[in-house]
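Participant: Submitted below is the structure of interest, expressed as structure tokens.
The values are calculated or read from the model by the stated rules, or taken from the named source; none is laboratory data. What you see is a predicted model, and the numbers here were worked out from it, not measured in a lab. Note that each Cβ is placed from the backbone with ideal geometry, even for glycine, and that neighbours are counted across all protein chains shown. The accessibility values were calculated without ligands, DNA or RNA, using every heavy atom of the protein model including side chains. Shrake-Rupley method; radii C 1.70, N 1.55, O 1.52, S 1.80 Å.
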Amino acid sequence: MTYQPQADFGTPGTKNTEMASLTIDGRTICVPVGTSIMRAAAQQGTSIPKLCATDSVKSFGSCRLCLVEIDGRKGTPASCTTPVEPGMVVRTQTPHLAKLRKGVMELYISDHPLDCLTCAANGDCELQDQAGAVGLRDVRYDVQATHLGQEKDQSNPYFDFDPSKCIACSRCIRACDEVQGTLALTMEGRGWDSKISAGFASDNFMGSECVSCGACVQACPTATLIEKKVVEVGTPERSVVTTCAYCGVGCTFRAEMRGEQLVRMVPYKDGKANRGHSCVKGRFAWGYAQHQERILKPMIRSSIDQPWREVEWDEAFAYTASELKRISEKYGRHALGGITSSRCTNEETFLVQKLVRAGFGNNNVDTCARVCHSPTGYGLKTTFGTSAGTQDFDSVADSDVILIIGANPTDGHPVFASRMKRRLRGQDGRPPAKLIVIDPRRTDIVRSPHIEAQHHLPLRPGTNVAVLTAMAHVIVTEGLADEAFIRERCDWDEYSHWADFVSQARNSPENLQPVTLVDAEELRAAARLYAGSGGSRSGSPQRRKINAAIYYGLGVTEHSQGSSTVMAIANLAMATGNIGRRGVGVNPLRGQNNVQGACDMGSFPHELSGYRHISDGDARRLFEDDWGVSLDPEPGLRIPNMLDAAVDGVFKALYVQGEDILHSDPNTAHVSAGLAAMECVIVHDLFLNETAHYAHIFLPGSTFLEKNGTFTNAERRIQPVRKVMTPLNGLEDWEVTQALAQAMGLDWSYSHPSEIMDEIARLTPTFAGVSFERLDEEGSLQWPVTADAPDGTPTMHVDGFVRGKGKFVVTDYVPTDEKTGPRFPLLLTTGRILSHYNVGAQTRRTENVAWHKEDLLEIHPIDAEDRGLKSGDWVKLASRAGETTLRATVTDRVAPGVVYTTFHHAVTQANVVTTDYSDWATNCPEYKVTAVQISASNGPTAWQEEYEALSERARRIDTGVPAE
Amino acid sequence: MIVRISDDAVAIACGADAVAEAFACAGADVIRVSSWGMHWLEPLVDIEGVGYGAATPSQVSEIIAGTAPSIGRIEDHPFIARQTRLTFARAGKTRPISLDDYYASEGWLGLAKARQIGQDATIAAVRASGLRGRGGAGFPAGIKWQTVAGTMSDQKYIVCNADEGDSATFADRMVMEGDPFMLIEGMAIAGFAVGASKGFVYIRSEYPHAIAKMEAAISASAHLIAPFTIEVRVGAGAYICGEETSLLNSLEGKRGEVRAKPPLPALEGLFGKPTVVNNVLTLAAVPWILAHGGEAYAALGMGRSKGTMPVQLAGNIKHSGLFEVAFGITLGELVNVVGGGTQSGRAVRCVQVGGPLGAYIPPSRFDLPFDYEAFAAADALIGHAGITVFDDTVDMAQMARFAMEFCAAESCGKCTPCRLGSTRGVETIDQIIAGKNVEANMALIADLSETMKYGSLCALGGFTPYPVMSAMTHFPEDFMVRNAS
Amino acid sequence: MNSAERLVHMANQIAANLATDDDPVSAVAYHIQLFWDPRMKKLIQENDKAGLSLVAAEAISRLAETKDAA
């Protein structure tokens, strides 16, 4: 396929269903009322010249190229800003219009450098196209003043800004405002002096509020804002639609290629998760795929003291299989285990768990969801009957109240955050949705341009359950519960039991205030707002049901009561009737690109794909028959239990695909002790990650650009991942797992991931209707995809809960065992930042380090003052588990008594400090609460120095010796 | 002895304060009233109806003694006697922020009538009056009100455009400084009629006296117009903010940039809510219309231009000032008879009507009646009815250049024809003035004018061609002469 | 914490969180039955139960009974 930009209809579509028929250039077309003439014309294949219009932003009417004539109207209205009317007769081409357009274009070109042949956008420039379209042949002006020769702003690592080529169409500004919602760009000066500016005139792009999402670059019709990669490589020649491999939003991109070289990732307008938007990671931070540190050859060593030895694939598979067999024979089959990756495809994940269950002969399989959203699985399965968010992302456009708890969407899920912010700014002429944020930190969404949370409840870390129970207390005792919904949809007795519990005086906001540190009145107001009685809707003619939606993240799950918090959230939603329609629901914001998929695929030790417990004989038999093996009916080990068992000397071999547990899992010392106690650690990854220090076998992985498969995002959307280039290591990850299985004697013969998906569909009722063919047709499908819902399920629990009746579960507040005291008086909580992704394995190998070179410790001015600290000082961060050093930044975003850091950099390793306390139901680590002390420091701790030496030693590759 | 002296900005600029103080020192009872609008006579001293002007402090004792030359009874002065003063009926007579004076001179009758007859009948009265927007576009006010009244919204607004920036215009300022309650009453009637609870008056910062008087009057009359409330907002010096959509952006705290229409402000105006945006003179005409009936107003004027227009005479003219008259009077009568010709005494070369974007009209067209349609047919516009007079020393090529330069200076920069075209226009006229490729460049200006006229987003770029093309059409010799030399 | 201590801690934590259930002992036993691997179940049954809360201890015994019954 040759390169074609995505079709641009000029102005956004409308949701109107009422239709109007009009005539454009003699042809009759019927379009929804509210459609612009420009869009209507585009739909019938008539392209009216335009420059300032693009269908990602509202019409603006500034370029004046799209003028048309309309019978019965004076003058020449702009087709982008004029909506169609029934019976309208429009002409888009007349001599008068041609002359006007030529006149406008003559003005543009009189102020544009005529360097098309050497311009990076040559062939991909709307100004160039439109100059041709209007037939401009010469510029008659004897030009004196121009905007040429201005200095370029090349400060952003990914794109350049060349004001000399700017036509002042404001598309970049409008994209920043309307699509991204950062409002970083502005028009400086007026008239002739109008100039796009990132913040103040003295700012450059890098120094401004710009978050480098790329929306402006995407919107620019000329070479003014252009990817550095296009400048370097040239314009693309073909494109492939695929899915981003960063976070759980799951943006659809067009990978635009030149040969096997990726030129740029462009957000795909038809992507249902992102609707044409992107963030700095997905849009730009893919350079790691070609990073020099990528390992492309398999490597083995008999002991971790030795340097690595590169081998061929065949030797690697044979050696790995023999080691696994040896250990299984020597220590028993329960000494083996595997970890699936939420970074890999559904098909790859499915194969790894199949390898463990069918090949290793046990259920010792777990996944990185253990350390992020396992409580979501437990909590939503218990209350609603299935482990997934209830909505699609589009749903947020219909919310009236949005409650965010323990999530920082503008950093963690930026593209969805932008969609949420559109609603919070009240675009589309509706009153803005109201916002409640429950978070120890004042995250960016609490107050950002044109958005201010009605209520921010800055709770003490670890008291989520107490806060939610107090909210439930208010809802029940003030008579705000939706009893009709509860009677119809939930178990009334369970509700009554729960309602009695939350109504107890000890659960009142006032009584819990000393625990949560949340102002009781504020909490009451927030509860009323969520329940639909606090937000005044005066003026609306008829009072309708308020749509309140809850969005949550790891600030909910990564606690000793993570599962309880998820259930408390579900209780609130059921009690207020906010389940089962658009605009409402309980929505976990998943961390990794395929956490949802990894969980769906049966990666947990206790369940098979589709959330069926391993003890369920019917489900087990289905697999046994298909796979021709017998399965262990007892649950296997979770990751922390595997490490415990390893320390105990009974767990000896681990296959880890695409996860860096040493860096990401809590209490690093315990993780390293467990790994060190194993005899065969197999790391399957792109890079020699931290876990690989303890590995005996390294199997090089492939990137998402190098393989076929599917990812499932946070809205249960199964989306195709398409191979755009040959794997540098020679094999897609599923092929590596298959070859390993074959080397172990398993009879696997998949020739394409589509066959794996066919098997998944065969064995998993909720995936019954999924196939690659269907995904190619539909673009994506939200499970359940069944005979009843062949096109998938955007909203769950519409007529009834998956489990039948919704279940209210009493969630009593149980304080964490991790307590502050004189030695460790502060509470540490951890999180992410926009420019980096989790342990940073990918983003640290891109230009994104320009935004965040190191992890910083946020500390409140009062706590800093007490310790004589100021921003930029090196500080020692110590807990009962360990200590590390990093630099401090003093800020009142955190409350007094709370400190915060990110865990993106291996040199900091925040998890040296975190403890192995975990969620009571799932063992999801309590990352969000660690009692710590902070003190001034001169430099790295002994641990950091030792680790540095270990890393260097462990990463040696002995390339001098030829493979035997 | 009661002495009435205006505290209007023009009177003050001409020395009214010093004159007033001199009278006070001499023991007179000085009352500061609004201005009669005869600017060449300011400071005009009014003692029991007899006028003395332009007065100086040194004349005070003579005036008191009755020995100074007077202009006679002010009401009988031909400049006043020729007028039909409806909007300016109180001009020169009342104290601007005296509620007593306002009550005593038919004040609040219009609002009372509106409240009595109800919303629909109020709008019907305005429609019957034929009142058209006095800001320039001449859109029927009643239809605009009807549109806003017909919308369903939790909030609607009345916005008074008092960003009076056209050359030769001062009528808005005179209303706000001289009769602020009338404007407030007009806004309150509008608010009542369309269901708006809140009004804004957007006043240019160059009018400090008007701002002070409006604020004082709003505060003094708040109880009378309640529940309707009015707030004064001060502009920041951009001509473009007199354009209604830029004005709305500015009111919202945004960059003063023109919005594309549709949506009409009547449907999506201030903060996205249905909004009546009317000029000061439009709203100020409303109390009289309500008090006396729409038909009485419509009985004046000609064709579709009903009622009276406060014409403002300025520039090189002998009798400058405010002249309110029914539509239909000819331009020639206004300039030569009422205005008395040029102040310099030289021949009139042309006049510009409607501000810097208005056409230059030569004396050969002085038969034009003051009427929206007649002016439009002559490629001219009435605008805010300011008339600037030029004598025969004017260089029309420079005036054409100035029009482009003005557009370049005041462009908001949104649309291409205005943003780039105005500067290219200046450059090209410079070429003509320098005698380079005159014919080709004049053709280019004609093409550019067409692009700007039909292509621009608002009237700034769209009307700039009027002065340019009228200068080129009516005075080609000023452009060609350079070629010869 | 060694493995045995950790299992005690886990069992107590489960018991604390299921304390408001109608039948806490059964709930704790069921939870452990569903989510713990056989070795962990065996270990906690064999090890010193001194650190276990009342509910947790009873649930562990219940677990052993169900196991024996099965």
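Participant: Give a residue-ordered list of calculated ³J(HN,Hα) values for the range A:580-585 (Karplus: 6.51 cos²θ - 1.76 cosθ + 1.60, θ = phi - 60°; whole Hz; x for Gly, Pro).
Facilitator: Coupling constants for the range A:580-585: x, 8, 5, x, 10, x Hz.
Participant: Quick one: with all protein chains in place, what share of the accessible area of the protein assembly as shown is carbon or sulfur, to the nearest percent (1.4 Å probe)?
Facilitator: Carbon-and-sulfur percentage of accessible area, whole number: 51.
Participant: Give the whole-number value, in cubic angstrom per residue, of the convex hull volume spanned by the C-alpha atoms of chain C.
Facilitator: Dividing the Cα hull volume of chain C by its residue count gives 79 Å³.
Participant: Using the crude model of +1 on Lys and Arg Cβ and -1 on Asp and Glu Cβ, and no other charge, please compute the dipole size for the range A:181-266 relative to its Cα centre, in debye to 20.
Facilitator: 180
Participant: How long is the range A:153-239 along each principal axis, judged by its Cα atoms, biggest number first, in Å?
Facilitator: Result for the range A:153-239: principal-axis Cα extents of 39, 25, 23 Å.
Participant: Output needed: percent of Cα pairs per 10 Å distance bin for the range A:866-964, bins running from 0 to the one holding the longest distance.
Facilitator: Percent of pairs per bin, in order: 13, 38, 27, 13, 7, 2, 0.
Participant: Here is a follow-up. Using only Cα atoms, what is the ratio of the radius of gyration of the range B:337-390 to 2.2 N^0.38 Å?
Facilitator: With N residues counted in the range B:337-390, Rg over 2.2 N^0.38 Å equals 1.09.
Participant: Now for a different question. Do any residues of the range A:127-149 lose at least 40 Å² of accessible area when the full set of protein chains is present rather than just their chain alone, and if so which, with a 1.4 Å probe?
Facilitator: With the partner chains in place, the range A:127-149 has these residues losing at least 40 Å²: A:ARG140, A:TYR141, A:ASP142.
Participant: Identify the chymotrypsin sites (Phe, Trp or Tyr not before Pro) of the range A:182-222 meeting these criteria: DSSP loop state and at most 10 other C-beta atoms within 10 Å of the C-beta.
Facilitator: Counting only loop positions with at most 10 other Cβ atoms within 10 Å, the chymotrypsin sites (Phe, Trp or Tyr not before Pro) in the range A:182-222 are A:PHE200.
Participant: Cross-link list A:LYS50/B:LYS414; B:LYS113/B:LYS198; A:LYS269/A:LYS354: which exceed 25 angstrom alpha carbon to alpha carbon?
Facilitator: In this structure, A:LYS269/A:LYS354 exceed 25 Å between Cα atoms.
Participant: What are the residues whose amide H is under 5 Å from the amide H of A:LEU827, where those residues sit 5 or more places off or on another chain and H is modelled from the backbone?
Facilitator: A:VAL898, A:VAL899, A:VAL932
Participant: Can you list the residues of the range A:619-638 that have at least 30 square angstrom less accessible area with all protein chains present than in their chain by itself, probe 1.4 Å?
Facilitator: A:GLU634, A:PRO635, A:LEU637, A:ARG638
Participant: To the nearest 100 Å², how much accessible surface do chains C and A hide from each other in total, with a 1.4 Å probe?
Facilitator: Roughly 2300 Å² of accessible surface disappears when C and A pair.
Participant: For the range A:388-496, count the residues as N, evaluate 2.2 N^0.38 Å, and divide the Cα radius of gyration by that value, please.
Facilitator: Taking N as the residue count of the range A:388-496, the ratio is 1.20.
Participant: On a 0 to 90° scale, report how tilted helix A:374-383 is relative to the longest principal axis of chain A, with both axes built from alpha carbons and the result rounded to the nearest 10.
Facilitator: Tilt relative to chain A: about 90 degrees.
Participant: In whole percent, what relative contact order does the range A:164-274 give with Cα contacts below 8 Å and a gap of six or more residues?
Facilitator: Once divided by the residue count of the range A:164-274, the mean separation gives 18 percent.
Participant: For helix A:733-743, what angle does its Cα long axis make with the longest principal axis of chain A, in degrees from 0 to 90 and rounded to 10?
Facilitator: Value to nearest ten degrees: 30.
Participant: Another question, if that's okay. Filter the trypsin sites (Lys or Arg not before Pro) in the range A:99-147 down to the DSSP loop ones having no more than 14 other Cβ atoms within 10 Å, then list what survives.
Facilitator: Qualifying residues, ordered by number: A:ARG137.
Participant: While we're on this one: Calculate for the protein assembly as shown the 222 nm mean residue ellipticity that helices alone would give, adding -39,500 (n - 2.57) per DSSP H run of length 4 or more and normalising by residue count, nearest 500 deg cm²/dmol.
Facilitator: -10000 deg cm²/dmol
Participant: Expressed as a fraction of 2.2 N^0.38 Å, the rule-of-thumb size for a compact globular protein of N residues, what is the C-alpha radius of gyration of the range A:696-796?
Facilitator: It is 1.19.
Participant: Compute the convex hull volume of the Cα atoms of the range A:13-62, divide it by the residue count, and report the result per residue in Å³ as a whole number.
Facilitator: Taking only Cα atoms, the range A:13-62 has a hull volume of 78 Å³ per residue.
Participant: Then there's this: Given contacts defined as C-alpha pairs under 8 Å and at least six residues apart, what's the relative contact order of chain A, whole-number percent?
Facilitator: Once normalised by length, the contact order is 13 percent.
Participant: Which ³J(HN,Hα) values in Hz, rounded to whole numbers, follow from the phi angles of the range A:212-226 under the Karplus curve 6.51 cos²θ - 1.76 cosθ + 1.60, where θ = phi - 60° and Gly and Pro get x?
Facilitator: With coefficients 6.51, -1.76 and 1.60, one gets 6, 6, x, 4, 5, 5, 4, 7, 5, x, 10, 8, 5, 10, 9 Hz.
Participant: Longest segment of chain B with no GluC sites (Glu not before Pro) in a DSSP loop having at most 15 other Cβ atoms within 10 Å?
Facilitator: Maximal segment without exposed cleavage sites: B:253-485.
Participant: Further question: Could you tell me whether the range A:793-843 comes out rounded, prolate or oblate from its Cα gyration tensor? Rule is a ≥ b ≥ c as square roots of the eigenvalues, rounded for a/c under 1.5, then prolate if a/b exceeds b/c, otherwise oblate.
Facilitator: Oblate.
Participant: A follow-up question, please. Using a 1.4 Å probe on protein heavy atoms only, how many Å² of accessible area do A and B hide from each other, summed over both chains and rounded to 100?
Facilitator: 3000
Participant: How far is helix A:313-331 tilted, in degrees, relative to the longest principal axis of the Cα atoms in chain A, given as a value from 0 to 90 rounded to the nearest 10?
Facilitator: 40
Participant: When ligands, DNA and RNA are left out and all protein chains stay put, how many square angstrom of accessible area per residue does the protein assembly as shown have with a 1.4 Å probe?
Facilitator: Per-residue value: 35 Å².
Participant: Would you please give the residues with an amide H less than 5 Å from that of B:TYR360, counting only those at least 5 places away or on a separate chain, with H modeled from the backbone geometry?
Facilitator: So B:TYR360 has HN proximity to B:SER470, B:ALA471.
Participant: Here's another thing I want to ask about it. Note down the relative contact order for the range A:675-793 as a percent, whole number, built from C-alpha pairs under 8 angstrom at least six residues apart.
Facilitator: Rounded, it is 18 percent for the range A:675-793.
Participant: Could you give the size of the charge dipole of the range A:565-625 about its Cα centre, using +1 on the Cβ of each K and R and -1 on the Cβ of each D and E, expressed in debye and rounded to the nearest 20?
Facilitator: About 380 debye.
Participant: For a quick check: with amide H placed at 1.01 Å from N, whose amide H comes under 5 Å from B:VAL159's, ignoring anything fewer than 5 positions away on the same chain?
Facilitator: B:PHE200, B:VAL276, B:VAL277, B:ASN278
Participant: For every other residue with a beta carbon closer than 11 angstrom to the beta carbon of B:SER6, add +1 if it is Lys or Arg and -1 if Asp or Glu, then tell me the sum.
Facilitator: -2
Participant: Suppose every Lys and Arg Cβ carries +1 and every Asp and Glu Cβ carries -1, with no other charges. What dipole size does the range B:63-208 come out with about its Cα centre, to the nearest 20 debye?
Facilitator: So the magnitude is around 340 debye.
Participant: Please name the residues of the range A:80-98 whose accessible area, counted over protein heavy atoms with a 1.4 angstrom probe, falls by no less than 20 Å² between the chain alone and the full protein assembly.
Facilitator: A:THR81, A:HIS96
Participant: So, one more: With a 1.4 Å probe and all protein chains kept in place, how do A:SER36, B:SER70 rank by accessible area, largest first?
Facilitator: B:SER70, A:SER36
Participant: Moving on. Could you tell me which of rounded, prolate or oblate describes chain B, using a ≥ b ≥ c as the square roots of the eigenvalues of the alpha-carbon gyration tensor, with rounded for a/c under 1.5 and, failing that, prolate when a/b is larger than b/c and oblate otherwise?
Facilitator: oblate
Participant: Taking +1 at the Cβ of each Lys and Arg and -1 at the Cβ of each Asp and Glu, which of A:VAL134, A:THR386, A:HIS112 sits farthest along the dipole of chain A towards its positive end, judged by Cα position relative to the Cα centre?
Facilitator: Farthest towards the positive pole: A:VAL134.
Participant: Once ligands and nucleic acids are excluded and a 1.4 Å probe is used, how much of A:SER328 is accessible, expressed in Å² to the nearest 10?
Facilitator: Counting only protein heavy atoms, A:SER328 exposes about 40 Å² to solvent.
Participant: Follow-up question, since we're still on this one. Determine Rg/Rh for the protein assembly as shown; Rg is computed over alpha-carbon atoms and Rh is the Kirkwood hydrodynamic estimate from the same atoms.
Facilitator: Taking Rh as the inverse mean 1/r over Cα pairs, Rg/Rh reads 1.06.
Participant: So for each of A:917-926, A:743-752, B:339-348 I average, over its residues, the number of other beta carbons within 10 Å; can you give me the resulting order with the highest mean first?
Facilitator: A:917-926, B:339-348, A:743-752
Participant: Rounded to the nearest 5, what is the percent of antiparallel bridges among the DSSP beta bridges in chain A?
Facilitator: Antiparallel bridges: around 60 percent, rounded to the nearest 5.
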